[in-house]
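The values are calculated or read from the model by the stated rules, or taken from the named source; none is laboratory data. Model, not experiment: these values are computed from the prediction. Glycine gets a Cβ as well: all are built from the backbone with ideal geometry, and neighbour counts include every protein chain shown. Note: accessible area is taken over every heavy atom of the protein model, side chains too, but ligands, DNA and RNA are not part of it. Shrake-Rupley method; radii C 1.70, N 1.55, O 1.52, S 1.80 Å.
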Amino acid sequence: MNGNNGPDSPGAMDPGFGDQDIAGTTGNAIPHLDGNALAGPLWELFRFDIVAAIGRCKHCGAVRVFAETMVYVDAPGIVVRCASCEGVLLRLVETPTRYWLDVSGLSYLHIDREG
């Protein structure tokens, strides 16, 4: 009997298989936008300009302004990746009744109070 989670299942030998739909594959990269694409969606939540905010990637430690991130909008929401290591920094999904925001890929987010 061969179940879906056994050693013969697709991706069993490749631990990154499940993330390929978001990250793309060699020679078939998913096009991305820069961090400026976050300005509108996150303005709706926080009323500050995310583009100028500075974040530290929890994966590689890179510190960059959000305008330099890689933003993927072809997922069921918005996925933001670090421009240095491509680690996921932020995920935002909007439903008719709520927002779901995951920022677990950030060590911190520095927001300047003066515009």
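Do any strands (runs of 3 or more DSSP E) entirely within segment 34-100 hold 2 or more residues that are over 14 Å from the mean Cα position of the chain (by Cα), and if so, which?
Values: elements: 54-57, 63-65, 70-75, 77-81, 88-94.
Those strands (runs of 3 or more DSSP E) span 63-65.
Taking the condition of being open to solvent by 30 Å² or more (accessible area, probe 1.4 Å) and among the hydrophobic types (A, V, I, L, M, F, W, C), how many residues in segment 68-102 meet it?
First pass over segment 68-102, keeping only residues open to solvent by 30 Å² or more (accessible area, probe 1.4 Å): 68, 73-76, 83-86, 91, 93-102.
Filter again for among the hydrophobic types (A, V, I, L, M, F, W, C), leaving 73, 75, 83, 85, 93, 100-101.
Of the residues in that region, 7 qualify.
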Revision key, fill the gap. When Cys60 is run through (1) closer than 20 Å to His110 by Cβ; (2) in contact with a strand residue (DSSP E or B) (Cβ under 8 Å, 6 or more places away or on another chain); (3) modelled with pLDDT of 70 or more, the failure sits at (2)
